[in-house]
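Just below is one structure, and these are the notes that go with it.
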Amino acid sequence: MSNSTKVPFLDLVTPHKELREELLAVVNKAFDTAGFIGGPMVEEFEKEFAAFCNAKYCIGVNSGTDALRFAFMAAGIQEGDIVVTVPHTFIATTEAISQAGATIVFVDINEQTFTMDPVKLREYFETKCSFDVTTKQLIDVASEKRIAAIVPVHLYGQTADMDPILELATKYNLIVVEDACQAHGAEYYSEKDKTWKRVGSMGLAAAFSFYPGKNLGACGEGGAITTNDAALAQRMKMIRDHGQAQKYYHDIEGYNGRLDSIQAGWLSVKLRHLKDWNEARRALAHRYHELLADSKEILLPIEASWTKGVYHLYVVRVQDREGFQAFLEQGGIGAGIHYPVPLHLQKAYQHIGYKAGDFPVTERVAREIVSLPMFPQMKSAQQDETVKRIKEFVEAQVTSLR
Ligand SMILES: Cc1ncc(COP(=O)(O)O)c(C=O)c1O
C-alpha cells in the first residue's frame, strides 16, 4: 500500500491482525507435534470444508490449479478429449485442462452474469457436434474428438447457471467439474430441484483455490476438491500423493500435490469466519448498488435471481475503462482488471486457432470491466471515499460532453 493509497483494492493485513493469536497457535501445534504434512489438521479441515460445501468428501491439495487438474485426471479425462469452458476466466482453468492432456474448446459467456452461457453451450453441442447413440459419446465434428467435460466457472463469486448446464451434461453423457476457485460459499437456486445448492456440491467435482486473496485464503498456496463420489475422492487422494493409497505402494504415478498441515490449520481458523466475511461482502456489494444506482455511466454487476453471490470481486463496466482506472488511481483508490485479455486471444493459445470476434461478449466485457475495492473488513468511510471518486469521474465526463 503506497502512502497515497486511500482505499486499497484488497486488505490482507487487517484480517491477519485480527486472527493473529489463533493463527500462531496453529504454528505452535505444528511445531509441538512436528506435523507438517498430512495428519489431523489436514483431515479436520477437509471434514469441515466438505460440510461447508454440503459435499461428502474434500481433498486438500496445493493449489486451485492442481485441484482442477487432479479432478480431470481422476475423472478419466485423457489425451485427445475435449473439455469445454469459457474464455472469460483466469488462465489456470485452461492450464489445468491442457495439463490433463485435453483440448480446450470455448463457449461465450452471458453478458449479465459473466458466466458460461448455457444457450451458447447448447448451440455448440447442437451445431458443431454429433452424438453417437451406440457409444453414448458426443463428438466434435471438425476435430473428431470426444467431448468429455464441461467446466463452468463461478466467476467473481457468482454461480454459473447450473440447471441447464447439468441438463446438457446428462443428455450428452458429460461430466461437470465446477471451477469454484472464486466462489467459496456461493449458492445456486435450482429450479429443477426447488432448492438452494452450495457451490462445490453440484458437479461431479469442484475445485477451490485458497490463494491468499480468495474469500477463504491460506497464508500461502492451497486448494481443495469436493465431490460426492467416493471412488473419485479416493483416486484424487492418490493422485495428490504420488499415486499411493498405502505408503510406498504406488498403483499409479501421481504428483506431489498435498496441502500443508499448517495451511490446513490456518484455513480451519478462517473457515469459522467465512460466513460472516461473505455476508460482509454481500452487504458492501448491496451498498455499492445503492450508492451508484444513479451513475448511469457505470454499469453495475447484476445478481441473477438464481445466485446468492459471495462477491469475491465487485466488477463494474465503464466505456472509458483506462480513463476510469487512471482516475481512481490518481485519487488513491485501488482497482483491478479481471481479466484484460480473453483467453482465446492470449499468445499462449494462438495454436488453437481462435481469432478476434469469435466470442463477442467476452471481448466486449474484457474491454470495459473494472474491479472495485472489495474486502470484508472494508469500512463504510472507505467505500464512501471510493464512491465519491467514482461520482467525480462521472461528473467530469458529463461536463465534458456538455
Ligand atoms: C477462476 C480460477 N480458477 C483457478 C484458479 C487457480 O487457483 P490457484 O491460484 O490456487 O492455483 C484461480 C485462482 O486465481 C481462479 O481465479
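What to note about this one:
A quick yes/no check of all residues on (1) closer than 30 Å to Glu46 by Cβ; (2) open to solvent by 60 Å² or more (accessible area, probe 1.4 Å); (3) among the hydroxyl-bearing types (Ser, Thr, Tyr):
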{"position": "Gly254", "(1), (2), (3)": "yes, no, no"}
{"position": "Thr307", "(1), (2), (3)": "yes, no, yes"}
{"position": "Phe327", "(1), (2), (3)": "no, no, no"}
{"position": "Gly332", "(1), (2), (3)": "no, no, no"}
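- Of residues in the range 180-215 being in a strand (DSSP E or B) and touching a Leu at 6+ places or on another chain (Cβ under 8 Å), the one nearest to the ligand (Cβ to nearest atom): Ala207
- Subset of the range 281-305 [among the hydrophobic types (A, V, I, L, M, F, W, C), touching a residue at least 12 places away in the same chain (Cβ under 8 Å) and open to solvent by 30 Å² or more (accessible area, probe 1.4 Å)]: Leu291, Leu299, Leu300, Ile302
- When we screen Ala231, Ala245 for residues that are modelled with pLDDT under 95 and either outside any strand (DSSP E or B) or over 22 Å from Gly157 (Cα atoms) (or both), the only hit is Ala245.
- Of all the listed residues (Thr89, Thr113), the sole one being away from the ligand (no atom under 11 Å from the Cβ), in a loop (DSSP other than H, G, I, E, B) and in contact with a helix residue (DSSP H, G or I) (Cβ under 9 Å, 6 or more places away or on another chain) is Thr113.
- Residues located in the range 309-325, provided they are open to solvent by 10 Å² or more (accessible area, probe 1.4 Å) and out of contact with any Leu (no Cβ under 7 Å at 6 or more places or on another chain): His312, Leu313, Gln319, Asp320, Arg321, Glu322, Gly323, Gln325
- Checking each residue in the range 366-388 for being surrounded by 18 or more Cβ atoms within 10 Å (Cβ to Cβ) and not hydroxyl-bearing (Ser, Thr, Tyr) picks out Ala366, Ile369, Val370, Leu372, Pro373, Met374, Phe375, Pro376, Met378, Gln382, Gln383, Val387.
- Meets criteria (within 14 Å of the ligand (Cβ to nearest atom), under 18 Å from the mean Cα position of the chain (by Cα) and open to solvent by 10 Å² or more (accessible area, probe 1.4 Å)) for Phe72: no
- Output for the range 5-63, where each listed residue is among the hydrophobic types (A, V, I, L, M, F, W, C), open to solvent by 20 Å² or more (accessible area, probe 1.4 Å) and assigned to a loop (DSSP other than H, G, I, E, B): Phe9, Leu10, Leu12, Ala34, Phe36
The values are calculated or read from the model by the stated rules, or taken from the named source; none is laboratory data. Please read these numbers as outputs of a predicted model, since none were measured by experiment. Neighbour counts run over all protein chains shown; Cβ positions are idealised from the backbone, glycine included. Surface areas here come from the heavy atoms of the whole protein model, side chains and all, with no ligands, DNA or RNA. Shrake-Rupley method; radii C 1.70, N 1.55, O 1.52, S 1.80 Å.
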